[in-house]
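The values are calculated or read from the model by the stated rules, or taken from the named source; none is laboratory data. Remember, predicted model here, so these are calculated numbers, not experimental data. Using ideal geometry, Cβ is built from the backbone for each residue, glycine included, and neighbour counts are taken over all protein chains shown. Accessible surface areas use protein heavy atoms only, side chains included; no ligands, DNA or RNA. Shrake-Rupley method; radii C 1.70, N 1.55, O 1.52, S 1.80 Å.
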Amino acid sequence: MRPLEIGDKVYNVTQDGFDDFKRYTFSVVVELTKTLAILKNGTRLVNYPKPSYIMEDIGYSVYRQRGVHWHLVSINAIREAQIENKKIEVHDWFKDKKFTLEEKQAIYELFTK
């Protein structure tokens, strides 16, 4: 457990209810004060690592929002973000797509074989 340093890459995950997708946000530490780490996106983190258990074992809470944690980026986090982003892309494509009758019939045939 170490404090954040300039250049550290961190991420946060938000989700609006259990039915929503996990939405990953990535950023980089660009400035340090005595007690805070400021991210490129403007978020201020308390630069004191503490047990989190939300996504990773260690987290850094957002200043004045102790329940919101950011975590150091890992390969696993990047892979999970890619998987979730693909799910969101597919969901949005189906939501925005207007199918013709022929397309609906083709999809029906594929799923009923």
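Limited to region 1-13, what total is found for residues that are part of a strand (DSSP E or B) and open to solvent by less than 70 Å² (accessible area, probe 1.4 Å)?
4
Would you check which residues across region 87-103 are more than 26 Å from Asp19 (Cα to Cα), of a type in the set (D, E, K, R) and open to solvent by 100 Å² or more (accessible area, probe 1.4 Å) and list them?
Residues of region 87-103 that are more than 26 Å from Asp19 (Cα to Cα), as a first pass: 100-103.
Checking the rest, the ones that are also of a type in the set (D, E, K, R) come to 102-103.
Correct list: Glu102 only.
Name the pairs: first residue in region 3-15 and among the basic types (Lys, Arg), second residue modelled with pLDDT of 95 or more, Cβ to Cβ under 7 Å, at least 6 apart or on different chains?
Once the first residue is among the basic types (Lys, Arg) and sits in region 3-15, its partners that are modelled with pLDDT of 95 or more give Lys9/Phe26; Lys9/Val28.
How about region 1-29: which of its residues are of a type in the set (A, V, I, L, M, F, W, C), within 20 Å of Asn76 (Cα to Cα) and within 15 Å of the chain's Cα centre (by Cα)?
Val10, Val13, Phe21, Phe26, Val28 - these are the residues of region 1-29 that are of a type in the set (A, V, I, L, M, F, W, C), within 20 Å of Asn76 (Cα to Cα) and within 15 Å of the chain's Cα centre (by Cα).
Pull up region 30-45, narrow it to residues that are open to solvent by 60 Å² or more (accessible area, probe 1.4 Å) and either among the aliphatic types (A, V, I, L, M) or at positive phi (or both), then point me to the one that is nearest to the chain's Cα centre (by Cα).
The extreme case among them is Val30.
Looking for whichever is over 19 Å from Val29 (Cβ atoms) and open to solvent by less than 80 Å² (accessible area, probe 1.4 Å) here; the options are Glu84, Glu56. Which one fits?
Glu84
Quick check on this structure: which one of Tyr48, Tyr24 is touching a residue at least 60 places away in the same chain (Cβ under 8 Å), surrounded by 11 or more Cβ atoms within 10 Å (Cβ to Cβ) and either among the hydroxyl-bearing types (Ser, Thr, Tyr) or within 24 Å of Glu80 (Cβ to Cβ) (or both)?
Only one candidate qualifies: Tyr24.
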